[in-house]
Amino acid sequence: MTGGSGVVVIDNGGGLLKAGFGGDNDPIAVVPNCMAKPPGGNASSKKWLVADQLQAEDVDVTGMTLKRPIDRGYLINTEVQRDVWERVLRNLLQVDPTNS
């Protein structure tokens, strides 16, 4: 059930990120808090998969290069965290973070 508060709530864990709206009983998104690149080629030749894209049934994460924004509780990679937040906010919650 949607509370309809319009307030975005994010539980930004080191392994999983949970996101939804204030007043909702459950999060809308529970996704890996990371990015991964399929093996082969150089860093710019292959597309990075972000958050929920890693959960698709046809994705084999074996051998992928993994980037996590958080290590031992500390934010170590702000660019990766920004990309994960962008994906979750725009694609899963369907909100525009520039309007907040």
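Worth a mention:
- Under the simplified labelling scheme, the ILE28-ILE76 pair shows an inter-label distance of 3.1 nm, with each label point 7 Å from Cα along Cα→Cβ.
- Within straight-line reach of LYS18, meaning a Cα separation under 14 Å, sit the following aspartates and glutamates at least 8 residues removed in sequence or on another chain: ASP26, ASP52, GLU86.
- Those aspartates and glutamates that a straight Cα-Cα span of less than 12 Å connects to LYS67, excepting residues fewer than 8 apart in one chain: GLU79, ASP83
- Gained length - GLN53 relative to ILE10, 0.36 nm times residue gap less alpha-carbon distance: 13.6 nm
- When +1 charges are put on Lys and Arg Cβ atoms and -1 charges on Asp and Glu Cβ atoms, the dipole computed for the chain relative to its Cα centre reaches about 380 debye.
- Computed log₁₀ I(q)/I(0) - Debye formula, equal Cα scatterers, no solvent, the chain, q 0.11, 0.25 Å⁻¹: -0.36, -1.36
No lab work stands behind these numbers, since they all come straight from the coordinates. Remember, it's a predicted structure, so these values are computed and weren't measured experimentally. Virtual Cβ from ideal backbone geometry, glycine too; neighbours counted across all protein chains shown.
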